[in-house]
């Protein structure tokens, strides 16, 4: 008798579940949901994504169509396993977070755009997944700076992808004490040269000579000579292969067509002879 009552109760529960009607918004097609979500601001998009798997999928499939939260700077300190987030509002205190697993990094950055990205202490095994993740995001970077990074052998392709993705907005590129020195070359920054306001490539000489040569300086000189809209203002090179000839050509070109205050600091030629 008890068994029959139990079976009857289970059947009623199943019937009740089957008869449950979904809320109208639950049966909407993805295209309609996408249209509804398009009216949300950036913070609301983040909250909406957490409601259910279907809504998350809809947002993820069109992530670049949604508004994003703008951050002034994000510092990724891989050597200390922490992330520092600096808001646009200078009155607000930066927030500190534990570094997420490399494979989940992009998931934490998909809803933001960044003025400045600072990366410190990257090691070879992290290079490809980190740079690939950053290239897959629409960060709209103005500045990117690498400090104490030891890249792997595939980093050139990954860095070129990252610089290309952010070509329209990127105006400041920097490498400081990064290895291998052969990675930091003319080819790496050549595509972005027309839009760069600041180039800072520096090391203390303990890790070899960077492959930045007169080719870069002569190209910059050509921009000043033939393009009245040359934007370079700061050039900071140390332990590269540039020579007096290249630096002189750049200075002469700028002098003939000065568009701003070109600042050259700490430049050293291939034989270690400083000129300032």
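The values are calculated or read from the model by the stated rules, or taken from the named source; none is laboratory data. All of these numbers come straight from a predicted model, not from anything done at the bench. FYI the Cβ positions are ideal-geometry reconstructions off the backbone, even for glycines, and counts take in every protein chain you see.
What to note about this one:
Per-residue answers, yes or no, for (1) modelled with pLDDT of 95 or more; (2) closer than 26 Å to residue 136 by Cβ; (3) within 17 Å of the chain's Cα centre (by Cα); (4) in a helix (DSSP H, G or I):
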{"position": "162", "(1), (2), (3), (4)": "yes, yes, yes, yes"}
{"position": "174", "(1), (2), (3), (4)": "yes, yes, yes, no"}
{"position": "199", "(1), (2), (3), (4)": "yes, yes, yes, no"}
{"position": "218", "(1), (2), (3), (4)": "yes, no, no, yes"}
{"position": "224", "(1), (2), (3), (4)": "no, no, no, yes"}
{"position": "229", "(1), (2), (3), (4)": "no, no, no, no"}
{"position": "240", "(1), (2), (3), (4)": "yes, no, no, no"}
{"position": "250", "(1), (2), (3), (4)": "no, no, no, yes"}
{"position": "253", "(1), (2), (3), (4)": "no, no, no, yes"}
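- Elements of the type helices (runs of 4 or more DSSP H) sitting completely within the range 53-160 and holding at least 1 residues that are under 14 Å from the mean Cα position of the chain (by Cα): these cover 105-109, 124-135.
- Residue identified as over 18 Å from residue 188 (Cβ atoms) and buried (at least 17 other Cβ atoms within 10 Å of the Cβ) among 119, 114: 114
- Residues in the range 50-84 that are more than 19 Å from residue 100 (Cα to Cα), touching a residue at least 24 places away in the same chain (Cβ under 8 Å) and crowded, with 18+ Cβ neighbours inside 10 Å: 58, 66, 68.
- Residue within the range 52-65 that is over 30 Å from residue 159 (Cα atoms) and out of contact with any helix residue (DSSP H, G or I) (no Cβ under 9 Å at 6 or more places or on another chain) present: yes
- Among the residues of the range 210-237, the ones that are under 22 Å from residue 178 (Cβ atoms) and buried (at least 20 other Cβ atoms within 10 Å of the Cβ) come to 9 in all.
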